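Okay, structure first, notes after.
The values are calculated or read from the model by the stated rules, or taken from the named source; none is laboratory data. Please read all numbers here as calculations on a predicted model, not as lab measurements. Reconstructed Cβ throughout: ideal geometry from the backbone, glycine too, with neighbour counts over all protein chains shown. To get the accessible areas, we keep the full protein, side chains included, count just its heavy atoms, and leave off ligands, DNA and RNA. Shrake-Rupley method; radii C 1.70, N 1.55, O 1.52, S 1.80 Å.
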Amino acid sequence: MRVLLAGGAGYIGAHTAVSLLEAGHDVALLDNLDNTSAVVEQRIAQITGKTAPLVIGDAADDEVVERAFAEHGPFDAVIHFAAHKAVGESTQKPLDYYANNLDSTFALLRVGLAHGIRSFVFSSTGTVYSDPADLPFTEDATRDLVELSNPYSKTKLMNEVVLRDVQAVNPEVSITSLRYFNPVGAHASGLIGEDPQGTPNNLMPFVARVAVGRLERIGVFGDDYDTPDGTGQRDYIHVVDLAEGHVAALEKAQPGFTAYNLGTGTPVSVLELIASFERAIGRELPKEFLPRRPGDLAATYCDPAKAERELGWKARLTIDDMTRDVWRWQQQNPGGYEG
Ligand code: WQD
């Protein structure tokens with residue numbers, strides 16, 4: 001298939017581009033580079049020996065999307081990664097998040113459907129689930145917009161509502177919403193990985209920067225949760241497993257709207273992740289216990305059985321694979337893509 005990846009130069013997009021190219025598909029990237037680097041295009045070529053041409057521009061602009069189709073189409077499918085994704089930032093900049101995360105979907109759908117794409121894959125999130133009583137989350141778990149704690153998660157749920165209604169009037173098209181849990185890790189080559197701008201909000205990149213000496217110590221947000229070791233549990237999934245999940249979703253797509261959880265189903269705590277990273281580097285890391293972070297859940301993890309049943313996909317890599325691969329990426333790119 002020929003696939004356009006909107007946001008394709010980003011962390012998950014780049015890994016998905018590699019997996020698609022290695023599976024024999026053709027790929028083009030569309031990215032405004034506001035949270036990544038153009039270096040990614042050559043890194044993908046280094047890994048795969050194939051090119052994924054990059055169109056630089058905003059996926060929310062119909063003319064930019066038309067240019068991508070004109071220069072590198074026709075496309076059979078679009079995968080839409082292009083969104084702002086920081087929960088905390090979204091509470092400070094709600095209008096930016098609603099505008100960007102919805103307008104990009106509208107533009108990609110308008111242009112993609114006009115050009116006859118057969119499949120649209122949407123980057124969604126496990127943070128659309130609103131009731132911890134439903135754990136482990138299946139795809140039918142409660143998703144109550146009013147109960148969601150931040151605009152980012154609300155934009156993702158709103159997108160799913162739009163996608164369901166648009167698919168209903170395009171019955172021959174397949175629209176798949178992939179609900180990611182906590183993507184971490186990096187390609188084994190160490191050539192692509194997560195490169196957050198500024199100080200990372202998320203645990204894994206923060207730990208990696210403490211390990212490489214860019215940050216002083218890890219702050220553990222709360223050790224009084226109702227979990228086995230008192231620290232927050234999450235369903236961390238290796239970004240390469242996540243990328244393979246996108247390939248499976250595209251190759252197995254059927255007409256209709258379908259959602260899949262992409263996670264391991266295994267909760268891992270903050271202290272367990274740190275211990276895994278310490279095993280990867282062979283030394284202890286400085287840490288301190290801090291108060292809980294507002295809005296954090298004690299635990300969130302999924303039941304990944306539907307993706308295994310319907311897509312034949314299951315996450316294979318462990319938390320030790322994730323921390324080992326992050327450490328290699330961090331060591332080889334101490335200053336990220338821009339050095
Ligand atoms: C993980 C755990 C924290 C930082 C993120 C995104 C969200 C979604 C899923 C895309 C929690 C603890 C963290 C730190 C800590 N991604 N923590 N010290 O909050 O689950 O959600 O991934 O959809 O958009 O925000 O991930 O990595 O921030 O936190 O103790 O310095 O680590 O309390 O228990 P989170 P996270």
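Pro255 is checked against (1) buried (at least 18 other Cβ atoms within 10 Å of the Cβ); (2) touching a strand residue (DSSP E or B) at 6+ places or on another chain (Cβ under 8 Å) and fails just one. What number does that condition carry?
(1) is the only condition that Pro255 fails.
Considering only segment 158-179, how many residues are acidic (Asp, Glu) and free of Cβ contacts under 8 Å to residues at least 60 places away in the same chain?
So the count comes out to 1.
Which condition from (1) within 13 Å of the ligand (Cβ to nearest atom); (2) assigned to a loop (DSSP other than H, G, I, E, B); (3) hydroxyl-bearing (Ser, Thr, Tyr); (4) modelled with pLDDT of 95 or more is the one that Ser149 breaks?
Every condition holds for Ser149 apart from (4).
Of Arg214, Arg209, which residue is over 22 Å from Pro267 (Cα atoms), in a helix (DSSP H, G or I) and either more than 10 Å from the ligand (Cβ to nearest atom) or among the charged types (D, E, K, R) (or both)?
Arg209
Among the residues of segment 216-228, count how many are under 14 Å from Leu290 (Cβ atoms) and either open to solvent by less than 10 Å² (accessible area, probe 1.4 Å) or of a type outside the set (Gly, Ala, Ser) (or both).
Within segment 216-228, residues that are under 14 Å from Leu290 (Cβ atoms) and either open to solvent by less than 10 Å² (accessible area, probe 1.4 Å) or of a type outside the set (Gly, Ala, Ser) (or both) number 9.
Does Ala133 count as away from the ligand (no atom under 16 Å from the Cβ), free of Cβ contacts under 8 Å to residues at least 24 places away in the same chain and either surrounded by fewer than 17 Cβ atoms within 10 Å (Cβ to Cβ) or not in a helix (DSSP H, G or I) (or both)?
Yes.
Can you name the number of the only condition in (1) within 11 Å of the ligand (Cβ to nearest atom); (2) assigned to a helix (DSSP H, G or I) that Asp96 fails?
For Asp96, the failing item is (1).
Has segment 96-103 got any residue that is over 22 Å from Ser19 (Cα atoms), surrounded by fewer than 15 Cβ atoms within 10 Å (Cβ to Cβ) and at pLDDT below 95?
No, the conditions are met nowhere in segment 96-103.
Specify which of the listed residues (Ala307, Ala280) is small (Gly, Ala, Ser), in contact (Cβ under 8 Å) with a residue 60 or more places away in the chain and surrounded by 16 or more Cβ atoms within 10 Å (Cβ to Cβ).
After applying the criteria, what remains is Ala307.
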